[in-house]
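To start, the structure itself, in structure tokens.
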Amino acid sequence: MASLSDNDRAAAIAILDQLRAQISAVAGEDRDRLFQLRRYILKRLEFDERGTPTQRRKLKEAKRRSQLGLCAICQQALPARGAELDRFRAIDGYTARNTQLLCHSCHQKAEAERGFSSS
Ligand SMILES: [Zn+2]
């Protein structure tokens with residue numbers, strides 16, 4: 001995946017600076033509020049990229065059924081817990097077409113071959 005251009009990185013830093021200023025303006029000296037505001041915003045940005053935990057859980061269940069309970073690479077039975085959704089292209093997100101359900105070890109290998117690890 002291409003990295004940010006210098007201009008885009010500068011724009012991103014400016015957004016972060018504004019956001020930080022707005023967060024501290026709202027939180028003031030209240031450290032609990034600061035913590036909760038940061039956490040809330042962090043989670044929402046993560047959902048923008050990865051979908052909500054509920055959406056991912058439903059996709060996992062559908063994948064497990066369509067793959068007959070087997071890892072898409074090694075074809076061994078998937079563990080009851082800890083099977084991992086693998087995106088073919090991270091930018092295309094967690095959709096049925098763009099994912100496969102893998103055991104942990106196949107997921108690690110698949111990501112290492114793509115040259116990043118962003119499970
Ligand atoms: Zn496997």
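The values are calculated or read from the model by the stated rules, or taken from the named source; none is laboratory data. Bear in mind the structure is a predicted one, so any value in this text is a computation, not a measurement. With ideal geometry, Cβ positions are generated from the backbone for all residues, glycine too; neighbour counts draw on all protein chains shown.
Computed values, structure above
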{"item": "Answer from ARG44, ARG20 - the residue that is surrounded by 11 or more Cβ atoms within 10 Å (Cβ to Cβ) and either more than 30 Å from ARG89 (Cα to Cα) or of a type outside the set (A, V, I, L, M, F, W, C) (or both)", "result": "ARG20"}
{"item": "Any hit, the stretch 86-95, residues being over 25 Å from SER3 (Cβ atoms), out of contact with any helix residue (DSSP H, G or I) (no Cβ under 9 Å at 6 or more places or on another chain), more than 16 Å from the ligand (Cβ to nearest atom) and free of Cβ contacts under 8 Å to residues at least 24 places away in the same chain", "result": "no"}
{"item": "ARG81, sole failed condition from (1) within 16 Å of the ligand (Cβ to nearest atom); (2) surrounded by 13 or more Cβ atoms within 10 Å (Cβ to Cβ)", "result": "(2)"}
{"item": "Failed item, numbered, when CYS71 is tested on (1) away from the ligand (no atom under 13 Å from the Cβ); (2) closer than 13 Å to HIS107 by Cα", "result": "(1)"}
{"item": "Some residue of the stretch 96-103 being away from the ligand (no atom under 16 Å from the Cβ), free of Cβ contacts under 8 Å to residues at least 12 places away in the same chain and within 30 Å of LEU19 (Cβ to Cβ)", "result": "yes"}
{"item": "Candidate set from the stretch 96-119 (those that are among the polar types (S, T, N, Q) and at pLDDT below 95); member that is nearest to LYS63 (Cα to Cα)", "result": "SER119"}
{"item": "Some residue of the stretch 41-50 being out of contact with any Gly (no Cβ under 7 Å at 6 or more places or on another chain), over 30 Å from SER105 (Cβ atoms) and at pLDDT 95 or above", "result": "yes"}
